[in-house]
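Heads up: the structure comes next, in structure tokens.
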Amino acid sequence: MVDRPDQASIGKLALEFEGRPPEDVLAWVIGNYGRRTVLACSFGGPSGMVVLDMVMRIGPSTPVYYLDTALLFPETYELVEEASARYGVTPMRVKPRLSVAEQAAVYGPELWRRNPNICCAMRKVEPQLAFLRMYDAWISGIRRDQSATRAHVPVVEWDVKFGLIKVNPLAQWDERMVWTYIRAHNLPYNKLHDGDFPSIGCRPCTRPVSSGESLRAGRWPGFSKTECGLHVVHGGHPQAEDDEL
Ligand code: SF4
């Protein structure tokens, strides 16, 4: 496991990559950490497809994974297959400890309707905590324009929650730039984006958005929740969420 760099070094790196193309920070992280770098691709947002394409050009042997909550849309699973065929990679499928049926047996049916925080903690954060222990750096597709909670995302940071370097190469990009890249390179993308689904998570927690709504307005309808816990320092720890019950 990589040692935590001091805050000044990480801050300096983040500043160094500010204003530079995403490929620069990807080349840096893959060059430094090799196959101990891993790309998180949800196959539920256009940014992930851009980052996947860039990573496959820069370091084609970089491992790729997705969190399979077992509640994803069919279109998302189809995209995993399509991207696998295009790039010749098999994204690792990181699964929760409990199946949906086992979770229902312990916590009651459709936990996401009553407590999406604990559901996300068990089906996303906990599996990722265990999985990322094998790596020194992870790459994410999150961007500053996606939501207020992401407005200050640095290009490089120390991920306090997961205990490794985190790189956000598209932090400075916006939705238009992402789609320009996708069209220019004829990338595969989630077919639900052709409807009114700019951001796609699990089936029970994603609705289409209306004109004028924010990109992530369709996530966790009926709740004030805006993040699953993977990209925030606080919240989303399985134990902490358990304490809420
Ligand atoms: Fe559960 Fe919804 Fe979170 Fe998926 S997005 S893990 S269904 S609460």
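Kirkwood analysis of the Cα pair distances in the stretch 1-142 returns a hydrodynamic radius of 16.7 Å.
Evaluate E = 1/(1 + (r/R0)^6) for Arg114 and Val160, where r is the Cβ-Cβ distance and R0 equals 30 Å; express this FRET efficiency to the nearest 0.05.
Numbers: r = 29 Å, r/R0 = 0.96.
With R0 = 30 Å, the Cβ-Cβ based efficiency is 0.55.
Of the solvent-accessible surface of the chain, computed with a 1.4 Å probe over protein heavy atoms with every protein chain present, carbon and sulfur atoms account for 53 percent. Dividing the helix sum by the residues of the chain, where each DSSP H run of 4 or more adds -39500 (n - 2.57), gives a mean residue ellipticity at 222 nm of -10000 deg cm²/dmol. Of the peptides 124-133, 104-113, 218-227, the order by per-residue mean of other Cβ atoms within 10 Å, starting with the highest, comes out as 124-133, 218-227, 104-113.
For the stretch 7-65, which GluC sites (Glu not before Pro) are both in a DSSP coil and crowded by at most 14 other Cβ atoms within 10 Å?
Passing both the DSSP loop test and the Cβ count: Glu18.
Placing R0 at 45 angstrom, the Cβ-Cβ distance between Arg4 and Asp194 gives a FRET efficiency of 0.60 after rounding to 0.05. Legend: residue pairs Lys161/Lys191; Lys12/Lys124; Lys95/Lys166, Cα-Cα distance threshold 25 Å; pairs beyond threshold, Lys161/Lys191; Lys12/Lys124. Since only Ala148, Leu13, Pro116 are under comparison, the one whose Cα sits farthest along the positive direction of the charge dipole of the chain, derived from C-beta charges on Lys, Arg, Asp and Glu, is Pro116.
The values are calculated or read from the model by the stated rules, or taken from the named source; none is laboratory data. This one's a predicted model, so the numbers in the text were calculated from it and none came from an experiment. Ideal geometry is used to build each Cβ from the backbone, glycine not excepted, and the neighbour counts take in all protein chains shown. The area values use the complete protein model at the heavy-atom level, side chains included, leaving out ligands, DNA and RNA. Shrake-Rupley method; radii C 1.70, N 1.55, O 1.52, S 1.80 Å.
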